[in-house]
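Asker: First the structure, which I've put down as structure tokens, then a few questions once you've had a look.
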Amino acid sequence: MNNELNKPNDNNDRYNFFTEWLPYPIIELDSSFNIVYLNQATELQFPNLTSLKTEHPILNGLEKMRLELFQTSSEIIVYERELEVYNLTYEQQIFAFPKTKKLFLFMTDTTKRKHAELARLNAEAQLYQAQKMEAMGELTGGIAHDFNNLLMIILGNLQLQQAENKENNIDNKRINAALEAALRGSALSKRLLNFARRKSLQPTVIVMEEFIPELTNLIKPVLGATIDLEIQLSENLWKIMVDRNQFENAILNLAVNASHAMDGKGKLTLNVSNVTIEESSILECKIEPGEYIKISISDTGVGIENEIIDKIFEPFFSTKGANKGTGLGLSMVSAFVVQSNGHITVDSTLHKGTTFNLFFPRVKGELPDEVENIATPNLPKKLKYHHNKSILVVEDEESIRNVVVEYLKKLHFKVLEAHNGDDAFEIVKTKIPIDLILSDIAMPGKRTGIELANEVQKMYPKIKILLTSGHLSKEARERCKYPILTKPYELEKLASILNEALEEN
């Protein structure tokens, strides 16, 4: 560095006094673009500037602006431009004084501001996506609720008709076909509720070394003989706690998608390993630091276009043609992973393949047993009849109430009816013998099914309670102290739960 460049002279002492100690690079050039002055901040940030001169990035392009900068009658000309220097972003202000043929450059490091702006935009995009998915979940949950009520009516009446036909030896072929369709509708509704995060999971401890070989037997038939399957398992894999059935469905969904992406020919690799997410990598993968099981499903298919990769987890989004799928598969996988406190990422290169990575937190310490779910009991081999038991059915939708009443009559219960919680409470107060109240949760009037149950239990604790619902959030289900039967349900399922409830001491 030429010290003469940097030393203040008597004519500009005050000017240099202020500029010398500013933290921003300041450079003065003459009409030939030779450096006349630079402050200490410039020396520190660009130590080779004087030797490189116009070759340096912060001076590039000034020669092309010579006429515009100096051949004018203006008092001062000001330009602003953004520069990338040494992987840092700078905002450069150029002040040209045509009369004195002087040029001043002011540099501001905007790298942190740019990163903050990108982070803000990314956060806004994630918030928008989360809000969109939450809104879709609310809509889906509402649709599934109404759908379940309709299915309850269809399924119930078909099953009752089937029972009558058996007694009269009438061919049940058409009814069986309709029942099968209704049950498929019920399965679709459960998938919708899973997406909306309204269905309670049944988490259980998964030992990967035992689970993966069993899963392989399910995957192979899906892939067919023309797709190679490679399983890669690390040693001493950690345990995780997830809903086993949903876990299997998630992997199978991804395997089916991979098969379609490879058009029936290629290689699918399932890799399972232990990973530890460090603090330093949080920004890259957006996962809380900690220990995880990582499950990678890689295919050699067509890949996913960059334009749509952010949309693949949205419900009903599909690249398949009409009548080729519901577009619920990946949204269901994503919802299950998130609901299991996990994370899912995707890496894809067009024409080279796609990898889905599923992260599930490691389970440590004492491992809990599988969570019991009364909504899916073991079905009894033979229906048990209750000639001396009475049940109060509380249901605001008449068609559903009629089906439930017929179900109970098939089981030889004595049945009372109420179309809301208020009417039901009045019936209970008459002290008519009631062994159990079978009530919907969401009803018009002052009392919901839960509020009715609470009041009845205070006054008549011997009366059993069984609640029903077309949908109920996981949080609400966990807060509810009464057994809950999810609609639509079959006669056998209702019979099994009633047997269990009425035989309790």
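Asker: When a/c reaches 1.5 or more, the comparison of a/b and b/c decides; with that in mind, is the stretch 388-502 rounded, prolate or oblate per its Cα gyration tensor?
Answerer: Here the stretch 388-502 falls in the rounded category.
Asker: What residues have an amide H closer than 5 Å to that of ARG362, excluding those fewer than 5 places away on the same chain, when H is modeled at 1.01 Å from N in the peptide plane?
Answerer: Distant-sequence amide H within range of ARG362: GLU291, TYR292, ILE293.
Asker: Sort 496-503, 388-395 by the packing proxy (mean of other Cβ within 10 Å over each peptide's residues), most packed first.
Answerer: Those peptides, ordered most packed to least, come out 388-395, 496-503.
Asker: At 0.36 nm per residue, minus the direct Cα-Cα distance, what do LYS352 and LEU183 gain on full extension? Give it in nm, one decimal, please.
Answerer: Going from the current span to full extension adds 56.9 nm.
Asker: Over the heavy atoms of ARG362, what accessible area does a 1.4 Å probe trace out, to the nearest 10 Å²?
Answerer: For ARG362, solvent-accessible area is about 80 Å².
Asker: Given LYS389/LYS462; LYS431/LYS458; LYS431/LYS462; LYS410/LYS462; LYS267/LYS352; LYS409/LYS493, which pairs have Cα atoms separated by over 20 Å?
Answerer: The answer is LYS410/LYS462.
Asker: Another question about this same structure. So what are the ³J(HN,Hα) numbers for the stretch 25-42, from phi and the Karplus equation (6.51, -1.76, 1.60; θ = phi - 60°), rounded to whole Hz, Gly and Pro as x?
Answerer: Couplings: x, 10, 10, 10, 10, 8, 5, 9, 6, 8, 6, 9, 8, 8, 8, 5, 4, 5 Hz.
Asker: Full extension from THR89 to LEU44: what is 0.36 nm times the residue separation minus their Cα-Cα distance, to one decimal in nm?
Answerer: Residue separation times 0.36 nm, minus the Cα-Cα distance, leaves 14.6 nm.
Asker: Also, quick follow-up: Does the stretch 398-440 come out rounded, prolate or oblate, given a ≥ b ≥ c as the square roots of the eigenvalues of its C-alpha gyration tensor, rounded meaning a/c under 1.5 and, failing that, prolate meaning a/b above b/c?
Answerer: Oblate.
Asker: Okay, next question. Any chance you could look up the accessible area of PHE425 with a 1.4 Å probe, heavy atoms only, rounded to 10 Å²?
Answerer: 10
Asker: Per residue of the stretch 215-225, what does 6.51 cos²θ - 1.76 cosθ + 1.60 with θ = phi - 60° give for ³J(HN,Hα)? Whole Hz please, x for Gly and Pro, Karplus curve as stated.
Answerer: Residue by residue, the stretch 215-225 yields 5, 4, 5, 7, 6, 4, x, 5, 6, x, 7 Hz.
Asker: Show me, for the stretch 145-155, the HN-Hα J-couplings you get by feeding each phi into the Karplus relation (A = 6.51, B = -1.76, C = 1.60, θ = phi - 60°), rounded to Hz, glycine and proline as x.
Answerer: 4, 5, 4, 5, 4, 5, 5, 4, 5, 5, 4
Asker: At a probe radius of 1.4 Å, what is the per-residue accessible area of LYS239, in Å² to the nearest 10?
Answerer: About 80 Å², ignoring ligands and nucleic acids.
Asker: Heavy atoms only, 1.4 Å probe, whole protein assembly: order THR216, THR430 by accessible area, highest first.
Answerer: So, going from the largest accessible area down, we get THR430, THR216.
Asker: Which order do peptides 330-342, 300-312, 19-31, 223-235 fall in by mean Cβ count within 10 Å, highest first?
Answerer: Packing proxy ranking, top to bottom: 330-342, 19-31, 300-312, 223-235.
The values are calculated or read from the model by the stated rules, or taken from the named source; none is laboratory data. Just so we're clear, the structure is a prediction, and the values are computed from it rather than from any experiment. When we count neighbours, we look across all protein chains shown, and the Cβ atoms used for this are built from the backbone with ideal geometry, even at glycine. Ligands, DNA and RNA are stripped out before the accessible areas are found, and what is left, the full protein with its side chains, is counted by its heavy atoms. Shrake-Rupley method; radii C 1.70, N 1.55, O 1.52, S 1.80 Å.
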